[in-house]
Number of protein chains: 2
Amino acid sequence: MNDIDTEKLQGIANQLRIHSIAATTAAGSGHPTSCCSAADLVAALFFGHMHYDPKNPHYHNNDRFILSKGHAAPLLYAAWAETGLFPASDLLKLRELGSDLEGHPTPRLPFVDVATGSLGQGLSVGVGMALCARLDKLDHNTYVLLGDGEIAEGAVWEAASLAGIAKLNNLTAIVDVNRLGQSEATAFGHEVGVYKKRFEAFGWRTEEIDGHDMEEILEVLAAVGLGTQPLVILAKTIKGAGISFIQDKDGWHGKALSKDEAERAIAELQPKAKTGIDVTIPAPSQLPAPNNAAPASCPPVNYKLGDSVATREAFGNALVRIGEADPRLIALDGDTKNSTYSEKFFKKFPERSVECFIAEQNMVGVATGFAARGKVPFASTFACFLTRAYDQIRVAGISQANLKLAGSHVGVSIGEDGPSQMGLEDLAMMRAVAGSAVLYPSDAVSAEKLVEQMAEKKGICYLRTSRPKSPVIYNNDEPFPIGGAKVLRQATGDKATVVAAGVTLHEALKAADALKNEGVGITVIDAYSVKPLAGEVIKAAAQKTKNTVLTVEDHYAEGGLGDAVAGELSADGIKVHKLAVTELPHSGKSAELLAKYGIDATAIVKKVKALG
Amino acid sequence: MNDIDTEKLQGIANQLRIHSIAATTAAGSGHPTSCCSAADLVAALFFGHMHYDPKNPHYHNNDRFILSKGHAAPLLYAAWAETGLFPASDLLKLRELGSDLEGHPTPRLPFVDVATGSLGQGLSVGVGMALCARLDKLDHNTYVLLGDGEIAEGAVWEAASLAGIAKLNNLTAIVDVNRLGQSEATAFGHEVGVYKKRFEAFGWRTEEIDGHDMEEILEVLAAVGLGTQPLVILAKTIKGAGISFIQDKDGWHGKALSKDEAERAIAELQPKAKTGIDVTIPAPSQLPAPNNAAPASCPPVNYKLGDSVATREAFGNALVRIGEADPRLIALDGDTKNSTYSEKFFKKFPERSVECFIAEQNMVGVATGFAARGKVPFASTFACFLTRAYDQIRVAGISQANLKLAGSHVGVSIGEDGPSQMGLEDLAMMRAVAGSAVLYPSDAVSAEKLVEQMAEKKGICYLRTSRPKSPVIYNNDEPFPIGGAKVLRQATGDKATVVAAGVTLHEALKAADALKNEGVGITVIDAYSVKPLAGEVIKAAAQKTKNTVLTVEDHYAEGGLGDAVAGELSADGIKVHKLAVTELPHSGKSAELLAKYGIDATAIVKKVKALG
């Protein structure tokens, strides 16, 4: 590292400051002061330390960089412009509709792996990437730049704990301790010792530095990877550093400088600024690329009609079956693997399994990290506990991450454990994620086929599985494309089309039998793909039953299957009646609860009879 | 403490074990081994240490106890039965539909303040209660019993950090370190030193003890409240302690003993068991009850028609206005108070304001703690960051907590900051919370009136506020009851009923003007109460426009206003067309984005014209 020109790096840092100020002033909004505090750190990483191919940000053995403090986006954009990836003049299009240099980073840009901007999420993603590098036998490092404000987020400590346990010495966190939050100073200001103690307690090696002293920065970076622990660099910085009339002042978070102020600031910085374009960036080592190709086929599904198998168990079977053929599959769980049945995969493929302990936010973040490196991660826990990670899931949607989630123990059908363990809002939650697929199998065959579909399809897919066993009703060769539905009962003169999924599908089939005995016919549809919904299939069936649909779901009445069907079909004049859980449920036996909350066969029969 | 009979307490602990085993075996499910590890701790707290009135669990100066490890519910139930609050024979009705002794604790029971069972949430609630006791000048202590597995949850460290910052020496956490999680051993087993370091780094006083040694337990409890820090007692325990053939064994989480096993276990414990019914529990001090009465009235709202005010700013104004009259009001924020405008309340009433820093899970948990003590807490941040706390909000729903949430910066109308800062799933998320009200004002007057309604109504209420300024369109005396809607434009021959809220209401009004110029009339409804929805109002209007409704919302198409209207009205033959955000949005100017995603006046005009 002796040949690194620290004066040049300081000059580049100032150039990054100038770009950040100019871009935010041009946009009329943004966070220039949050860029300035971290400019020396970023200059050192990008132009004096990290090994990567600046022409190919996706190269598999590049060092990875995650800007967890996503509001410093202009700084990141400036760094890549200074590598020569795109013209610096583009930076002035910051935040414009026509430019992908958005307010916070998104993977619309080739050098951004995951969206950031919801604070405290980057470290989990970094843990996933560092675990993935180890699995893929790659020697690059992963760097995560955090703000001091965001380390109040518990998710940071979930990530820190797992990194410590896994001894990720290929992971480095850098905390830009600039003392000032958005609305007031952080709780600890420049008392970096508090953070040092915390990271040490979570199993990290720590270094405290002056984040504006290039020599110090380079010295601690030179020791990255030493020892067996992850490293955190606690860098004491000044918010707005380099702008004499603004730095270290309250009230300057998320505020662009006026044109005059910007000119004044740039005039101060210009004499000390240097471009980075002519810096030779160290190349990454050339190591074989991991095999992240999709398999040609999977071993077949093998159940007997009438077998009694819980869909959650079929999920576990599917993970193993598909995992045999697909080396990209990774399983993650939050200490529920014996309930979600991901345990089957953990036992068979321990090297591709990550026990995240009871920390769902980090589990989803780690999975997103694996997805960003070409893997197909399946993260599982009880459906209700995925609510814990809704922000991470939401942001994975913005990342358009190839993330697979499986939530078990849905609805009142879980029985005795009571409402805190019942997933009753997961359909609403997962439907509202950008680009998501929401799948809800009713038997083992459909569950297995849907897991296959999830592995094949790019993007966020959610599988909703049930606790109770249910009979196998489909043949092993039945296909279950995402966006499809199955019409299971249909006859001329049917009174209504009953749309169900999961446990309520079996109730609907029982209701059809009971009604048939009374001379009333109903069409029964398995809406296993809640999003995208097979609207045309349901509509066509409904039109044969006087436009009358009855949805039945083991979910709250809001945002689930009923709303999905009504929201999609009511414009066509389809009348959608809903049966769903409409009050806070109680503990009890599964069948008792289905009856009490009006979603069992008896309730369906009663409702169909009452339909006009 | 010299007169405490430790042998008696050990006997009571064994009696609690017997009850826990018998109840779970009778139920056929549950977590007896998780009860046994904590039995000595609970016996010491309830029969040798805590000051409370066992006949009146709600007495305002009782010590509070939160079972954060909610799966040990039978132990809690057994303790209260042994105080004499209800007959011990009731314990055998555990988990039955007809008994409120549910699988995990809920406030259906008088001695449960908040639902638990989603792990890692209890400490935040405890922080809220301890802060509230300080505010109310009460001298009781708050005790939170946690499992070792759950302290992997980041929310625990968010709570720990705030407790340390606030120096809550009236808060004691007890960690039942029984070494075994659900699916495998915890990461640190019995290495209690790891937890000690962590809590110390977060500002706590720590004590390590043998959790089965009654002398040690009582000794550390005797020092509760000393010094200025919160106290954590790290108790090394054995899972299933007291059942010789099960204790400390893997594979016994969440499993009831068979009838034979239970008989054998009880036979082992019986000779060493004693009842607690004749123990005299120390009385709490008699201090004045806090004034938690609702005010008779609030100062009036005062805007001028046409004034340009953001609904988020009106929220801040309302907090101050109502806060003057209502001493129950508490404001909490996550370092966004200058954006949500809760800052106005923070400045006026600092003693009733809690800066939670960037830690939304804990913010919601702390607010739930205040609510459980009779306050009316308003917790605010960007709407999108409330997703971070969805599990806490879900569980607050189970608690039927009097929790008020305000989410600002909703939808694409925020503009340049980009998708990570846009609340686009909050309506879906909040509608699916048990018993919630979801409110979405379009101007300053309605925003203020809705905050008033929120303060008056018991239960979870969510206010959705917007970033841009919008004109005041209502008079100051206009009432906005929860569950209502306003018909703003209506004429005979209207082609469609346009249902909007927030920013899209103003777009709908513009569209109505534009269409009127072309000779097309539309009915415009302000659906400010998304849940409960004014279905009858909308239906009546729709029936006058050939059953045709068009919803327009700055939210994803799933689970929001459109689905709410369709889900409620399609059964009546109302045709609901939807305009909503249907793809992942980009950064850009507010008006550009409303146009690009098809929810502005132009889009409404176009859609209305295209309606058949």
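With the dipole of chain B worked out from charges on the C-beta (+1 for Lys and Arg, -1 for Asp and Glu) around the Cα centre, which of B:PRO350, B:VAL498, B:VAL114 lies farthest toward the positive end?
Looking along the dipole axis, the top candidate is B:VAL498.
Roughly how far apart, in whole Å, are the Cα centres of the range B:123-183 and the range A:77-153?
The distance from the Cα centre of the range B:123-183 to that of the range A:77-153 comes to 35 Å.
State the answer as a single residue: which of B:LEU85, A:MET430, A:HIS51 lies farthest towards the positive end of the charge dipole of the protein assembly as shown, with beta carbon charges of +1 for Lys and Arg and -1 for Asp and Glu, about the Cα centre.
Checked the options; the winner is A:MET430.
Point me to the residue of chain B whose C-beta lies closest to the B-onto-A rotation axis, rounding the distance to whole angstrom.
B:GLY154, 1
Nm distances between the label at A:ASN476 and the same-position labels in the remaining copies, 7 Å along Cα→Cβ, shortest first?
Taking the point 7 Å beyond Cα along Cα→Cβ, the inter-copy spacings are 7.7 nm.
Just add up the charged neighbours of A:GLY562: K/R +1, D/E -1, any other residue whose Cβ is under 14 Å from the Cβ of A:GLY562.
Details: positive: A:ARG431, A:LYS531, A:LYS575, A:LYS578, A:LYS607, B:ARG431; negative: A:GLU425, A:GLU553, A:ASP554, A:GLU558, A:ASP563, A:GLU568, B:GLU558, B:ASP563, B:GLU568.
Result for the local shell: -3.
Around B:HIS409, with a cut-off of 12 angstrom between Cβ atoms, what is the net charge of the other residues, counting Lys and Arg +1 and Asp and Glu -1?
Values: positive: B:ARG312, B:ARG464, B:ARG467; negative: B:GLU416, B:ASP417, B:ASP426, B:ASP554.
Net charge around B:HIS409: -1.
How many percent of the accessible area of the protein assembly as shown is carbon or sulfur, using a 1.4 Å probe?
On the way: 18490 of 37330 Å².
Carbon with sulfur: 50 percent of the solvent-accessible area.
How far is the Cα center of the range A:294-329 from the Cα center of the range A:413-491, in Å?
Rounded to whole Å, the Cα centres lie 14 Å apart.
Residues of the range A:559-589 with accessible area at least 40 Å² lower in the all-protein-chain context than alone (1.4 Å probe)?
A:ASP563, A:GLY567, A:SER570, A:ALA571, A:LYS575, A:LEU584, A:HIS586, A:SER587
Looking at the range A:120-268, how many pairs of lysines come closer than 26 Å at the Cα, when each pair is eight or more places apart or spans two chains?
Summing the qualifying lysine pairs gives 15.
Name the residues of the range A:69-111 whose accessible area falls by at least 40 Å² when all protein chains are present instead of the chain alone, probe 1.4 Å?
Correct list: A:ARG95, A:LEU97, A:GLU102, A:HIS104, A:ARG108.
So what is the relative contact order for chain B, in percent, with contacts set as C-alpha pairs under 8 Å and at least six apart? Can you show the working numbers first?
Numbers: 1459 pairs, mean separation 75.2, N = 612.
Averaging sequence separation for qualifying contacts and normalising by length gives 12 percent for chain B.
Roughly how far apart, in whole Å, are the Cα centres of the range B:562-612 and the range A:15-76?
37 Å
Could you tell me which of the pairs A:LYS539/B:LYS516; B:LYS304/B:LYS469; A:LYS510/A:LYS544 are separated by over 25 angstrom between their Cα atoms in the structure shown? Don't skip to the end; give the middle numbers.
Working: A:LYS539/B:LYS516 34 Å; B:LYS304/B:LYS469 14 Å; A:LYS510/A:LYS544 21 Å.
In this structure, A:LYS539/B:LYS516 lie more than 25 Å apart at Cα.
Checking the a/c ratio against 1.5 first, then a/b against b/c, what shape does the Cα gyration tensor give for the protein assembly as shown? Intermediate results must be reported in sequence, preceding the final value.
On the way: a/c = 1.28, a/b = 1.04, b/c = 1.23.
Rounded, because the longest to shortest axis ratio a/c is under 1.5.
Mind checking the per residue accessible area of the protein assembly as shown for me, 1.4 Å probe, whole number of Å²?
Working: 37330 Å² over 1224 residues.
Dividing the accessible area of the protein assembly as shown by its residue count gives 31 Å².
Based on the alpha-carbon gyration tensor of chain A and its eigenvalue square roots a ≥ b ≥ c, which shape applies: rounded if a/c is under 1.5, prolate if not and a/b is larger than b/c, or oblate?
Cα axes put chain A in the prolate bin.
May I ask for the net charge around A:PHE188, where only other residues with Cβ less than 12 Å from the Cβ of A:PHE188 are counted and Lys, Arg are +1 while Asp, Glu are -1?
On the way: positive: A:ARG179, A:LYS196, A:LYS197, A:ARG198, A:LYS236; negative: A:ASP148, A:GLU191.
Net charge around A:PHE188: +3.
Kindly identify residues of the range B:345-394 having a loss of at least 50 Å² in accessible area between the isolated chain and the assembly of all protein chains, probe radius 1.4 Å.
Buried on complex formation: B:PHE357, B:ILE358, B:THR387, B:ARG388, B:TYR390, B:ASP391, B:ARG394.
Taking both sides together, what accessible area is buried at the A/B interface, probe 1.4 Å, expressed in Å² and rounded to the nearest 100?
On the way: alone 22680 and 22700 Å², together 37330 Å².
So the buried area, both faces added, is about 8000 Å².
Taking a label point 7 Å from Cα toward Cβ, how far is B:ASP210 from its twins in the other copies, in nm, shortest first?
5.4
Taking a point 7 Å out from Cα toward Cβ as the label site, list the nm distances between B:ASN302 and the same residue in every other copy, smallest first.
Listed shortest first, these distances are 8.0 nm.
How large is ³J(HN,Hα) for each residue in the range B:267-275, as worked out from phi by the Karplus curve 6.51 cos²θ - 1.76 cosθ + 1.60 (θ = phi - 60°), to whole Hz, x for Gly and Pro?
Ordered by residue, 3J(HN,Hα) equals 5, 5, 7, 3, x, 9, 9, 9, 7 Hz.
For A:138-151, what's the mean count of beta carbons from other chains sitting within 10 Å of each residue's beta carbon?
Numbers: counts 0, 0, 0, 0, 0, 0, 0, 0, 0, 1, 1, 3, 4, 5.
Neighbouring Cβ atoms belonging to other protein chains average 1 per residue here.
Out of residues 5 or more away from B:ARG64 or on other chains, whose amide H comes under 5 Å of its own, with H placed 1.01 Å from N in the peptide plane?
B:ASN141, B:THR142, B:TYR143
About the Cα centre of the protein assembly as shown, how large is the charge dipole given +1 on each Lys and Arg Cβ and -1 on each Asp and Glu Cβ? Please answer in debye to the nearest 20.
On the way: 122 positive and 144 negative charges, 668 e Å.
For the protein assembly as shown, the charge dipole is close to 3200 debye.
From the residues A:THR548, A:LEU593, A:GLY612, which one has its Cα farthest along the dipole of the range A:542-612 in the positive direction, the dipole being from +1 and -1 charges on Cβ of Lys/Arg and Asp/Glu about the Cα centre?
A:GLY612
Rounded, prolate or oblate for the range A:169-215? Axes are the square roots of the Cα gyration tensor eigenvalues, ordered a ≥ b ≥ c, and the cut-off for rounded is a/c under 1.5. Can you show the working numbers first?
Working: a/c = 2.06, a/b = 1.35, b/c = 1.52.
Oblate.
The values are calculated or read from the model by the stated rules, or taken from the named source; none is laboratory data. Since the structure is predicted, the reported quantities are computational estimates derived from the model, not experimental observations. Quick reminder, even Gly has a Cβ in these numbers, built from the backbone with ideal geometry, and neighbours come from all protein chains shown. The protein model used for the area step is the full one, side chains on, heavy atoms only, and it has no ligands, DNA or RNA in it. Shrake-Rupley method; radii C 1.70, N 1.55, O 1.52, S 1.80 Å.
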